[in-house]
Amino acid sequence: MKSLRDSAVVVTGAGGGIGAALARRFAAEGASVAVNDLDAAAAEAVAEETGGIAVPGDAATVASRAREALGGTVDIFCANAGAGTEGGPDAPDALWDATWDLNVMAHVRAARELLPGWLERGQGRFVSTVSAAGLLTMVGSAPYSVTKHAALAFAEWLSVTYRHRGVDVHAICPEGVRTDMLTTTGTAGDIVLRPGAIDPEAVADALFAAFDEGRFLVLPHPTTQSLYAARAGDTDTWLSGMNRLQQKVERAEARVRGGAQTEAEPATGQAARPAAEPEVAEGERA
Ligand SMILES: NC(=O)c1ccc[n+]([C@@H]2O[C@H](COP(=O)([O-])OP(=O)(O)OC[C@H]3O[C@@H](n4cnc5c(N)ncnc54)[C@H](O)[C@@H]3O)[C@@H](O)[C@H]2O)c1
């Protein structure tokens, strides 16, 4: 991959977590970084630390403002900001709409804004922070799982359509990552995500390795690829394993509601992962 020095990079949701780690890594490589976040103070702080430019506001509509802030050109756009929420069909429409807008339409709007310039120059890079939930699923959260699948589908479509015209696309699909978001994933997160959680810097490392190797899928956890293959290869076995995981979460939640000793689900969730649990049963991810 060509040097990032002097590249103009946008990272949404970069005031903390994975986005901040990406912004730091791009800045360390010599790129100019537009640091977007809904939290203006957080965006300012990371921009100051990285020598970047803060572009506060909603990631869902930030692409043109970020391009302007960078002097008219964006080389790499990282659609990183994302939202997760618990619930199934019972979640209100407003919540489904908000999740769809940030996890999917933000990516669509950014691509709409930037593709004409990239196609004219024959060069551009779109990085989508999806999730392993986009390859597998997230127990307890239908809006998150569905919109992350859609984000992955959109990134795949971009790659299929434009790779011969100089547009590179990458989809980052981590399982648990130690960020503020991880603290909001409840019992399911405790059981499934925390035990194997990695630091946000490891996600940035995995992205840069994928840049070097020209790889679309960025899988910072070693387990994700085989779970994804298991889902495709024997979907019903995979679904049964996932359902056992769902039942385990339900039992843990019932114990908490009942005020019982939660010895199987301590804060780390470590003990809640029996060795006998089939691998596919662990195949849901944030
Ligand atoms: N943490 C995990 O375990 C995990 C795993 C897989 C994928 N992801 C994905 O990684 C991405 C980043 O998540 P994170 O864990 O770093 O979260 P985080 O909560 O630590 O940080 C997210 C940042 O995004 C900002 N933000 C939220 N909504 C925004 C909006 N509409 N516009 C601009 N900024 C906004 C927040 O203020 C915050 O600074 C998300 O897309 C998430 O779905 C996270």
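Each reported figure results from applying straightforward, stated rules to the coordinates on display, with no laboratory input. Note that the structure is a prediction, hence the values are computed from the model and not measured. A quick note on method: Cβ atoms are made from the backbone with ideal geometry, for glycine too, and the neighbour counts reach across all protein chains shown.
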Notebook entry, point to check: So what is the relative contact order of region 1-138, in percent, for Cα pairs below 8 Å that sit 6 or more residues apart?
Noted result: 23
Item checked: Expected 222 nm ellipticity per residue - DSSP helices of 4 or more, -39500 (n - 2.57), all of the chain, to 500 -> -13500 deg cm²/dmol
Next item on the list: Divide, for the chain, the radius of gyration over alpha carbons by 2.2 N^0.38 Å, where N is the residue count.
Entry: 1.01
Next item on the list: Among Ile18, Ile76, Ile53, determine the one that fluctuates most according to a GNM of the chain built with springs between C-alpha atoms less than 10 Å apart.
Entry: Ile53
Next item on the list: Quickly work out the Ala98-to-Arg5 label distance, labels modelled 7 Å from Cα along the C-beta direction, and quote it in nm with one decimal.
Entry: 4.5
Margin query: Running a GNM on the chain with Cα contacts under 10 Å, which residue among Ser145, Ser131, Ser64 ends up with the highest mean-square fluctuation?
Written below: Ser64
Note to self: Could you tell me the relative contact order of region 8-226? Use alpha-carbon pairs under 8 Å, at least six residues apart, and round to a whole percent.
What the structure shows: 18
Next item on the list: Estimate the FRET efficiency between Val160 and Ala232 by the formula 1/(1 + (r/R0)^6), using the beta-carbon distance for r and 22 Å for R0, to the nearest 0.05.
Entry: 0.80
Note to self: Between Val108, Val35, Val177, where does the largest GNM mean-square fluctuation fall for the chain, given springs only between Cα atoms within less than 10 Å?
What the structure shows: Val108
Notebook entry, point to check: Got a sec to turn the phi values of region 139-147 into Karplus ³J(HN,Hα) couplings, 6.51 cos²θ - 1.76 cosθ + 1.60 with θ = phi - 60°, whole Hz, x for Gly and Pro?
Noted result: 4, x, 9, 5, x, 5, 4, 5, 6
